[in-house]
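Structure, as structure tokens:
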Number of protein chains: 2
Amino acid sequence: MDINMTERALDLLRAKRFQDLKGLFSALNPADVAQIFEELPNDNESLPILFRILPKEMAADVFIEMDNDNQELLIRAFNDKELKDVLDELFVDDTVDLIEEMPAGVVKRILRNTDPETRQIINQILKYPDDSAGSLMTTEYVRLQKEMTVDQAFARIRATGADKETIYTCYVTDERRLLLGVVTVRQLLLADRTEVLQDIMETNIISVDTFEDKEVVAQLMSKYDFSVVPVVDKEKRLVGIITFDDALDVMVAEATEDIAKMSAVTPTDKPYLKTGVLETWKTRIPWLLLLMISATFTGMIITRFESALAAYVILTAYIPMLMDTGGNSGSQASVTIIRSLSLGDVDFSDLPQIVFKEARVAVLCGGTLAVANFVKLLVLDKLSVAVAAVVCLTLMVTVLVAKIVGCTLPVLAKKAGFDPTVMASPFITTIVDAMSLIIYFSIATQILHL
Amino acid sequence: MDINMTERALDLLRAKRFQDLKGLFSALNPADVAQIFEELPNDNESLPILFRILPKEMAADVFIEMDNDNQELLIRAFNDKELKDVLDELFVDDTVDLIEEMPAGVVKRILRNTDPETRQIINQILKYPDDSAGSLMTTEYVRLQKEMTVDQAFARIRATGADKETIYTCYVTDERRLLLGVVTVRQLLLADRTEVLQDIMETNIISVDTFEDKEVVAQLMSKYDFSVVPVVDKEKRLVGIITFDDALDVMVAEATEDIAKMSAVTPTDKPYLKTGVLETWKTRIPWLLLLMISATFTGMIITRFESALAAYVILTAYIPMLMDTGGNSGSQASVTIIRSLSLGDVDFSDLPQIVFKEARVAVLCGGTLAVANFVKLLVLDKLSVAVAAVVCLTLMVTVLVAKIVGCTLPVLAKKAGFDPTVMASPFITTIVDAMSLIIYFSIATQILHL
């Protein structure tokens, strides 16, 4: 998005050329207008003025694209009529998202300005756990009856479609809202106008439960290439739908979360520059402390072999290389397995196959590294063959152990019900560090008769 | 997916109960049938037999969900008629994907069995770079003329819609295929039947260029919540469309790729268990070698301070803790920034703000760690205050340097046109390792008068 757009909007605002501003905004997509609004100076004044200039039909779409801080600022600037106008245009799932992010006072005003029926639905959805399909769904879908003809179905879609999040997939339910079938507008368009829905609807329906994990829902939609999936309660009654745009958001958020956890950071859902220093500190310090404590074990191992090191000080010089290579080998394996677990490519039953594969890869990697190192140690560092052999043997054994630990721990963590992502680089590195030192000193003791 | 489904299919196959098999498959989604097929024993025989049992209208959908090895196996087992039947049902983008993955001999057979018109389109698409919008698009969209009424538009959709990847978004073009407007079936359904398209179509169109990076396309679709986006050539003529399911696949693949690169693995697009040992070795060994070479610099630093270490052997014990904490602090910052860069949350112009924030976070983190450590070093390790001060001062400076290096390098890499993901944990760790040792020995020299 062009920064100059924001400048231009501000210039027009200062010149009070409101008609031109309206024209400028009309020509843009709501997401772009929202971005301009995000870039406004933080004066608490420009935003409400500019927002009021927006074409009416665009206002709610822009509102929902803005970040929480600006949404709150706007709601506080709105009078009740303005707030109600925006809320009336929002889909229920968006209103729920909004409520979940606003402080209690603002939530009360939102609920007071929502019509009673919607309020009841919102309160229902708010009861579902944060990461469940129920909290992600919207209730604005098209319901049809199985006795309807194609023409009648179109009439219903025309009459009720304007407020629905999608009209392209319609749901056939009975009077108790039991989900009987699914019919798409595509099927309706390609069918004969007099055909009856129960003859053309798909009855082999894939649906998700209200309490299903939203990440699972997103993966299911991705697997089946669904643009929308129905959400049913325990009695198989249709309660809502989840659309592909929400699934896409979940996928992106989950990947961000996994990446954070893999680098020992507690995930937050705020953008980087919107997170305060203290908040960022809080997401990082527990992991640093925990990893520091584990690293002291490595120190204890060195202390135990202090006399050996004093005799062969040269051995100290290779500690960082051995630890780093071990750590890198281990995290290569662990991160690959963590991602495969989260994509569903591997599971617990594949563990023997995974370990066997990693062991062979480790022998190849360790062998290559050892040979390269052996030459370097003899030619460049001019070490004795015995010391070079200690370093290279350690390298081979460390890589083997690192790869096996790296691929096993995430699988075991998942099996035990933990999040496998925490078994990524930082933890594997700490574990492998200690192991590589023990291997190093054991081999050194044997070969160099320390 | 239930493993037992595969067992049951095999049992029915052995018992030659083909009619029951057909019934079993009909009740499933193509993606599920494909998964059953993936789990078949590798005997090269069961798969072609089972595939031939599939209901005709399901065959192509199942085929496209299978992995490349099985697709190749099937194509080799097909006669020309069978191959043509499957190819006729595929969308052009799927055929292109298939061709890109098959060996040359198979590609020739595929092209020979494609009708000339499609073959021409395929050859056109194959010319676009692998990661471009052009290579991702399909050419099966609905074209309308601006003079058409809503009723005429519906007639055209009914007549041509069956073969199109989506019918819900239709494109209004002139005789030179110049993109004039977009109209959705939703708009058509809610409009008056006699209205003319040019009065209701959206003319403010967001489109992508054939050579646009497919990751950018996916982000754009996610930003605007588009289910489909038009692809135009340099002359703004409409050449294809990209649908949300492809965008979703790109997002997932890109996240997997980023995660791989962040842990020093060359990305592959094959699932873990389908990648050979030698292939996996190739994705990992260059990085291990490169990082090993950089780690030797760390060794050289230790060698330079060998005499100092001999005098204060206790200093050696804290090397792993300092290096690990530095590495972890640095990768926390770098990975957070890399992800923010790829989500578009930050860019080069934010660098001063990023560095200032990371510096403050570093002071908080380093301070916390130093205090915790100081107490531990005095109480548990019973060190002298001077040595404890050396360790804790090093910790504070190292965390500060690590965070600043960690947040700066990815931004600079991106600015210089490199992929910022390679500036993740492994590289940052290696750089920070060397720095932390230099800091350690410098502070030690000063305070302990080595």
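Points worth noting:
- Comparing B:LEU273, B:LEU351, B:LEU248 in a Gaussian network model of chain B, where Cα atoms under 10 Å apart are tied by springs, the biggest mean-square fluctuation is seen for B:LEU273.
- With each label modelled as a point 7 angstrom along the Cα→C-beta vector, the A:GLU195-A:ALA159 pair spans 2.3 nm.
- Residues whose amide H falls under 5 Å from that of B:SER132, counting only those 5 or more places apart or on a different chain, are B:LYS214, with hydrogens built in the peptide plane.
- Carbon plus sulfur fraction of accessible area for the protein assembly as shown, probe 1.4 Å, in percent: 56 percent
- Here the Debye sum runs over all C-alpha atoms of the protein assembly as shown as equal scatterers in vacuum, and log10 of I(q)/I(0) at q = 0.08, 0.09, 0.10 Å⁻¹ comes out as -0.85, -1.05, -1.23.
- Region B:1-116, relative contact order [Cα under 8 Å, separation at least 6], %: 22 percent
- Other copies of B:GLN152: label-to-label distances in nm, shortest first, labels 7 Å along the beta-carbon direction: 3.3
- Aspartates and glutamates with Cα under 18 Å of A:LYS234, excluding same-chain neighbours fewer than 8 positions away: A:ASP131, A:ASP174, A:GLU175, A:ASP209, A:GLU212, A:ASP213
- Close amide H pairs (under 5 Å, H built 1.01 Å from N) link B:LEU144 with B:TYR171, B:VAL172, B:THR173, residues at least 5 positions away or on another chain.
- Chain A: C-alpha pair distances exceeding 26 Å, %: 70 percent
- Taking Cα atoms only, the orientation of helix A:80-89 departs from the longest principal axis of chain A by about 80 degrees.
- Residue-normalised accessible area of region A:152-245, expressed per residue, 1.4 Å probe, Å²: 44 Å²
- Each Lys and Arg contributes +1 and each Asp and Glu -1, all at the Cβ; summed about the Cα centre of region B:1-145, the dipole is approximately 700 debye.
- By the Kirkwood approach, averaging reciprocal distances over each pair of separate Cα atoms, region A:168-209 gets a hydrodynamic radius of 10.9 Å.
- If you take the Cα centroid of region A:71-90 and the Cα centroid of region B:212-260, the two points sit 33 Å apart.
- Top of B:ASP163, B:ASP199, B:ASP174 by mean-square fluctuation, Gaussian network on chain B, Cα under 10 Å: B:ASP199
- Convex hull volume of the C-alpha atoms in region A:243-402, normalised per residue: 175 Å³.
- Whole-Å semi-axes of region B:84-226's equivalent ellipsoid (Cα gyration tensor): 31, 19, 12
- Relative contact order of chain A, taken over Cα pairs closer than 8 Å and 6 or more residues apart, is 11 percent.
- Label positions at B:ILE447 and A:VAL371, each projected 7 Å from the Cα along the C-beta direction, are separated by 4.6 nm.
- Applying the Karplus relation 6.51 cos²θ - 1.76 cosθ + 1.60 with θ = phi - 60° to region B:246-258 yields 3J(HN,Hα) values of 5, 4, 4, 4, 5, 4, 5, 5, 5, 4, 4, 5, 4 Hz, where x marks Gly and Pro.
- Cβ charges +1 (Lys, Arg) and -1 (Asp, Glu), total dipole of region A:112-251, debye: 360 debye
- The HN-Hα couplings worked out from phi for region B:319-327 by the Karplus form 6.51 cos²θ - 1.76 cosθ + 1.60 (θ = phi - 60°) are 4, x, 4, 5, 5, 5, 5, x, x Hz, whole numbers, x standing for Gly and Pro.
- Rounded to the nearest 0.05, the FRET efficiency derived from the C-beta distance between B:ASP151 and A:ASP213 at R0 = 45 Å is 0.50.
- Region B:306-431, relative contact order in percent, only Cα pairs under 8 angstrom and at least six apart counted: 43 percent
- Flagged links, alpha-carbon separation over 25 Å, of B:LYS223/B:LYS270; A:LYS274/B:LYS223; B:LYS357/B:LYS414: B:LYS223/B:LYS270
- Relative pair counts by distance (%), Cα atoms of region A:277-344, 5 Å bins: 4, 12, 12, 16, 18, 16, 11, 6, 4, 1, 0
- Between 0 and 90 degrees, the angle of helix A:351-379 with respect to the longest Cα principal axis of chain A falls at about 50 degrees.
- For region A:268-425, the solvent-accessible area works out to 39 Å² per residue, with a probe of 1.4 Å and every protein chain left in place.
- Computed from Cα atoms, the angle from the helix B:116-126 axis to the main principal axis of chain B rounds to 10 degrees.
- Calculated from backbone phi, Karplus (6.51, -1.76, 1.60) coupling profile of region B:303-314 in Hz, x at Gly/Pro: 4, 4, 9, 3, 5, 4, 5, 4, 6, 10, 4, 4
- Number of partner chain Cβ atoms within 10 Å, mean per residue of A:302-312: 3
- Within a Gaussian network of chain B (alpha carbon springs, distance under 10 Å), most fluctuating of B:THR266, B:THR368, B:THR421: B:THR368
- The calculated FRET efficiency for A:LYS56 paired with A:VAL277, based on their beta-carbon distance and R0 = 30 Å, is about 0.15.
- Proximity of backbone amide H atoms, modeled 1.01 Å from N, is registered between B:VAL239 and B:VAL231, B:VAL232, B:ASP233 at under 5 Å, excluding neighbours fewer than 5 places apart on the same chain.
- Of all lysines in the structure, the ones whose alpha carbon falls short of 18 Å from that of B:LYS22, not counting any fewer than 8 places away in one chain, are B:LYS56.
The values are calculated or read from the model by the stated rules, or taken from the named source; none is laboratory data. Being a predicted model, the structure only gives us computed values, none of them experimental. Counting neighbours? That spans all protein chains shown, and the Cβs are built from the backbone with ideal geometry, glycine included. When the accessible area is computed, the model is the full protein with side chains, heavy atoms only, and any ligands, DNA or RNA have been set aside. Shrake-Rupley method; radii C 1.70, N 1.55, O 1.52, S 1.80 Å.
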